[in-house]
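Enquirer: Handing you a structure now.
The values are calculated or read from the model by the stated rules, or taken from the named source; none is laboratory data. These numbers were taken from a predicted model, which means no experiment stands behind them. Note that we place each Cβ from the backbone using ideal geometry, even for glycine, and neighbour counts take in every protein chain shown. These area figures cover heavy atoms from the full protein model, side chains too; ligands, DNA and RNA do not enter into them. Shrake-Rupley method; radii C 1.70, N 1.55, O 1.52, S 1.80 Å.
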Amino acid sequence: MNCKKILKYLYGLESPEIKLGLTNIQNLLDKIGNPEKNLKCIHVAGTNGKGSVCAMLFYILKEAGYKVGLYTSPHLKSFNERIRINKHFITDKEIVGYFLKIKPYITKQSFFEITTAMAFLYFKEKNVDFVVLEVGLGGRLDATNVITPLVSVITNVELEHTELLGKTIESIAFEKAGIIKNNVPIVTDAKSKALKVIKKIAKGKNALLFQVKKH
């Protein structure tokens, strides 16, 4: 298979009916050796600013001399933009290679789930120091939420994707706060109702909360 055929196949899996959940991605990762468990990640969710925060964190770490993986979505011009290490995007040859490594284990995973699994395996085998990981949609049931990060970030919370995340700020904040893990610090610039939800969940998970404006 060449890269064009693989990308055509992957794009063909995209559906307007998004089904959030971690079962399919976790099943795939289990079969390829759970590469996500060997990565030091910074996990970024939020309504606005996710991409900008990911870019800033990525460049800060890179300029400090680390080998840094960056996983973001969607791409602007080419699929390769989604997965990069320092100044290099994943190559067409590498896309083919990593897709073929996980192809035997694909069952009913979505475009984003397969792409996420490829990224985790790529970053693990390239021995990156850190991965900056952007949530695709929501947080709690997003395919990226199979990791235990070094730190979680929720930029802000506004009404978005209400058909999937709920029709109130509180329900959307609950979904985004799903990336908060036990004893893992959380950084946020969320406000009012959303902040209240995030604070409650952080407290329940003993996650130290940092509000941007206070630090």
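Enquirer: Does residue 5 meet the test of being over 14 Å from the mean Cα position of the chain (by Cα), more than 22 Å from residue 127 (Cβ to Cβ) and either at pLDDT 90 or above or in a helix (DSSP H, G or I) (or both)?
Expert: Working: over 14 Å from the mean Cα position of the chain (by Cα): yes; more than 22 Å from residue 127 (Cβ to Cβ): yes; either at pLDDT 90 or above or in a helix (DSSP H, G or I) (or both): yes.
Yes; evaluated as a whole, the condition is true for this residue.
Enquirer: Okay, next question. For segment 178-187, give me the residue count where each residue is touching a residue at least 40 places away in the same chain (Cβ under 8 Å) and either polar (S, T, N, Q) or open to solvent by 10 Å² or more (accessible area, probe 1.4 Å) (or both).
Expert: Going residue by residue through segment 178-187, those that are touching a residue at least 40 places away in the same chain (Cβ under 8 Å) are 178-179.
Right, trim to either polar (S, T, N, Q) or open to solvent by 10 Å² or more (accessible area, probe 1.4 Å) (or both) and you get 178.
Within segment 178-187, residues that are touching a residue at least 40 places away in the same chain (Cβ under 8 Å) and either polar (S, T, N, Q) or open to solvent by 10 Å² or more (accessible area, probe 1.4 Å) (or both) number 1.
Enquirer: Within segment 116-141, track down each residue that is more than 18 Å from residue 20 (Cα to Cα) and among the acidic types (Asp, Glu). Explain how you work it out, then say what you get.
Expert: Of segment 116-141, the ones more than 18 Å from residue 20 (Cα to Cα) are 118-132.
Result: 125, 129.
Enquirer: Could you tell me which numbered condition residue 109 fails, if it satisfies all but one of (1) in contact (Cβ under 8 Å) with a residue 12 or more places away in the chain; (2) within 21 Å of residue 68 (Cα to Cα)?
Expert: (2)
Enquirer: Right, something else. Does segment 130-139 include one or more residues that are among the charged types (D, E, K, R), touching a helix residue (DSSP H, G or I) at 6+ places or on another chain (Cβ under 8 Å), at pLDDT below 95 and within 22 Å of residue 10 (Cα to Cα)?
Expert: The answer is no; no qualifying residue exists.
Enquirer: Right, something else. Does segment 162-177 include one or more residues that are open to solvent by less than 50 Å² (accessible area, probe 1.4 Å), in contact with a Phe, Trp or Tyr (Cβ under 8 Å, 6 or more places away or on another chain) and on the phi > 0 side of the Ramachandran plot?
Expert: yes
Enquirer: Right, here's the next one. Please go through segment 188-197 and pick out each residue that is assigned to a loop (DSSP other than H, G, I, E, B) and open to solvent by less than 20 Å² (accessible area, probe 1.4 Å). Walk me through it before giving the result.
Expert: Kept after step one, since they are assigned to a loop (DSSP other than H, G, I, E, B), are these residues of segment 188-197: 189-191.
190 - this is the single residue of segment 188-197 that is assigned to a loop (DSSP other than H, G, I, E, B) and open to solvent by less than 20 Å² (accessible area, probe 1.4 Å).
Enquirer: Here's another thing I want to ask about it. Within segment 207-214, is even one residue open to solvent by less than 30 Å² (accessible area, probe 1.4 Å), closer than 26 Å to residue 23 by Cα and not in a helix (DSSP H, G or I)? Let's see the steps before the verdict.
Expert: Looking only at segment 207-214, we keep the residues that are open to solvent by less than 30 Å² (accessible area, probe 1.4 Å), and these are 207.
Okay, now just the ones that are also closer than 26 Å to residue 23 by Cα, so 207.
Then keep just the ones that are not in a helix (DSSP H, G or I); that gives 207.
Yes: one or more hits.
Enquirer: A follow-up question, please. How about segment 141-153: which of its residues are part of a strand (DSSP E or B) and open to solvent by 10 Å² or more (accessible area, probe 1.4 Å)?
Expert: Initially, segment 141-153 is screened for residues part of a strand (DSSP E or B), giving 151-153.
Across segment 141-153, the qualifying residues are 151, 153.
Enquirer: Taking only segment 123-140 into account, find how many residues are open to solvent by 10 Å² or more (accessible area, probe 1.4 Å) and of a type outside the set (Asp, Glu). Give the derivation first.
Expert: From segment 123-140, those open to solvent by 10 Å² or more (accessible area, probe 1.4 Å) are 124-130, 134, 136-137, 140; that's our starting set.
With the extra rule that they be of a type outside the set (Asp, Glu), the set shrinks to 124, 126-128, 130, 136-137, 140.
Total satisfying the criteria: 8.
Enquirer: Residue check: is residue 156 part of a loop (DSSP other than H, G, I, E, B) and open to solvent by 50 Å² or more (accessible area, probe 1.4 Å)? It would help to see each step written out before you state the result.
Expert: Numbers: part of a loop (DSSP other than H, G, I, E, B): yes; open to solvent by 50 Å² or more (accessible area, probe 1.4 Å): no.
In short, no.
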